[in-house]
Structures are given as C-alpha cells and as structure tokens.
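Remarks on the structure that follows.
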Amino acid sequence: MELKSTHLQDLLVVQPSVFEDLRGYFFESYNSEKFASYGLNLNFVQDNQSLSQKNVLRGLHFQNPPFEQGKLVRVIKGKVLDVAVDIRKNSKSYGKYFSIELSEKNRTMVWIPPGFAHGFLTLADETIFFYKCTNFYDKRSEQTIQWDDPELNIPWNAKNPVVSEKDKLGIKFNYFVSMF
C-alpha cells in the first residue's frame, strides 16, 4: 500500500498493492500500521455504502466540529469523479479542490481528513461507493456547500446531474463560515 501526498495538505491518495492471479485478486483496503507510519492514528467507527446510477452527484458534504469526520473513500463497483474541497480557514489551500477518478479497476482510494467537504459524481450505472468514517453521523452538524458553486469552479463535466433536494439547497461558498 502506497500513500501519496496531493497539492492539498493532509489529503492523500492511497494505492493498494493488488495481488492478482487466475482466481481473481486480493488487496488490503486498510492497514492501521501503514497509516500510522504517515502519522495517522485513525479510529474508524462507521462504514457507509451507497449505490447510485450514472450521473448522480452527491455532495459537497461535511460535518462541523465536534462531529467532524475523516473519510477513507473508494469505489467497489463502477466509477466516480471524487472531489474534496479544503474548508480549513487557516489552510494555505482553503477553497481549493482536488479531484480524481476512483473506480473498481484502478482500486485507488482517497484519505479525506476532517476539514474537507466531499462529493462525487457517478460515471457508471450501479456504482457502489464505500467509505470508512472517523466519527459517527450527526444530522445537526451536517452541512452542504453548493456543488456547482461558481467560486469553487469544479469541472464536474456533467450535464443535468441527478442531485438531491438537500444538495440543491447547499450554501454558496462565499457565504460559508468555516468552523474548522
């Protein structure tokens, strides 16, 4: 398993070592010792999984302190454009985003630490998205930033994505007041 830095501080791309043969494949999707070698002593308390059809956009979601969540995200089936936005007000990359394609074929994962808003666009039907969380879901602390905010200017490359009512009502980034 290799953990790679990105242009956003603390956000990591995780590439597992995959062992394939005639039977199929095997890989570790998480190893606490390898994450600890990067200074990440994580305690995952909740796993989440979603199924979405092509062109579904979920996000940009996060939970405010003291219920902030770190997430280790991956695709089990299908593929997504995965996006994380730095919302840590004292960060040099505040308001910047990172995007990457995650798929069942590339088996790439992303570690999204607390202080990031997260979303994804499904690029295939029957996409199964999975993530491990470092804190429990708390509805009162949940917040959504508008996925198509012009200030963030995220190139989703999607025409008329399917978006929930909650996500349509996300706050514009220039009105957002970070608690991170």
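Only residues that are of a type in the set (A, V, I, L, M, F, W, C) and surrounded by 12 or more Cβ atoms within 10 Å (Cβ to Cβ) were counted across region 19-44, and they come to 5. Figure legend. Inter-residue proximity from region 81-99: first residues at positive phi and modelled with pLDDT of 95 or more, second residues crowded, with 17+ Cβ neighbours inside 10 Å and in a loop (DSSP other than H, G, I, E, B), beta-carbon distance below 6 Å, spacing 6+ or different chains. No pairs are indicated.
Looking at region 28-41, can you tell me whether even one residue there is free of Cβ contacts under 8 Å to residues at least 12 places away in the same chain, under 14 Å from Lys132 (Cα atoms) and touching a Leu at 6+ places or on another chain (Cβ under 9 Å)? Yes: one or more hits. Checking every residue in region 30-40 against the condition of being at pLDDT 95 or above, touching a Gly at 6+ places or on another chain (Cβ under 9 Å) and not hydroxyl-bearing (Ser, Thr, Tyr) gives at least one match.
Within region 147-175, track down each residue that is surrounded by 18 or more Cβ atoms within 10 Å (Cβ to Cβ), touching a Phe, Trp or Tyr at 6+ places or on another chain (Cβ under 8 Å) and either closer than 18 Å to Lys54 by Cα or β-branched (Val, Ile, Thr) (or both). Break it down into steps so the answer makes sense when it comes.
The initial filter retains those residues of region 147-175 that are surrounded by 18 or more Cβ atoms within 10 Å (Cβ to Cβ), namely 147, 149, 152, 154, 158, 163, 167, 170, 173.
When the remaining residues are screened for being touching a Phe, Trp or Tyr at 6+ places or on another chain (Cβ under 8 Å), the result is 147, 149, 152, 154, 163, 167, 170.
Hits for region 147-175 are Trp147, Ile154, Val163, Asp167.
If we keep just the residues of region 101-130 that are among the polar types (S, T, N, Q) and assigned to a strand (DSSP E or B), which is farthest from the chain's Cα centre (by Cα)? The selected residue is Thr127. Restricting attention to region 64-100 and to residues that are among the charged types (D, E, K, R) and surrounded by fewer than 17 Cβ atoms within 10 Å (Cβ to Cβ), the residue that is nearest to the chain's Cα centre (by Cα) turns out to be Lys96. Do we find that Leu60 is touching a residue at least 12 places away in the same chain (Cβ under 8 Å) and within 16 Å of the chain's Cα centre (by Cα) in this structure? Yes; evaluated as a whole, the condition is true for this residue. Selection of region 125-142 for residues being more than 18 Å from Val110 (Cβ to Cβ) and crowded, with 16+ Cβ neighbours inside 10 Å yields only Ser141. What do you reckon, is Leu12 crowded, with 16+ Cβ neighbours inside 10 Å, in contact with a Pro (Cβ under 7 Å, 6 or more places away or on another chain) and within 29 Å of Ser164 (Cβ to Cβ)? So Leu12 does not fit the description; no.
If we keep just the residues of region 101-114 that are crowded, with 16+ Cβ neighbours inside 10 Å and out of contact with any Pro (no Cβ under 9 Å at 6 or more places or on another chain), which is farthest from Phe19 (Cα to Cα)?
First, the residues of region 101-114 that are crowded, with 16+ Cβ neighbours inside 10 Å: 102-103, 107-114.
Keeping just the survivors that are out of contact with any Pro (no Cβ under 9 Å at 6 or more places or on another chain) gives 102-103, 110-113.
On the way: Leu102: 19, Ser103: 17, Val110: 20, Trp111: 22, Ile112: 25, Pro113: 28 Å.
Result: Pro113.
Given the criterion within 21 Å of Gln143 (Cα to Cα) and part of a loop (DSSP other than H, G, I, E, B), identify the matching residue among Gln9, Gln69.
Details: Gln9 fails: within 21 Å of Gln143 (Cα to Cα).
The unique qualifying residue is Gln69.
The values are calculated or read from the model by the stated rules, or taken from the named source; none is laboratory data. In this text the structure is predicted, and so the values were computed from the model without any measurement. As a convention, Cβ positions derive from the backbone with ideal geometry for all residues, glycine included, and neighbour counts pool all protein chains shown.
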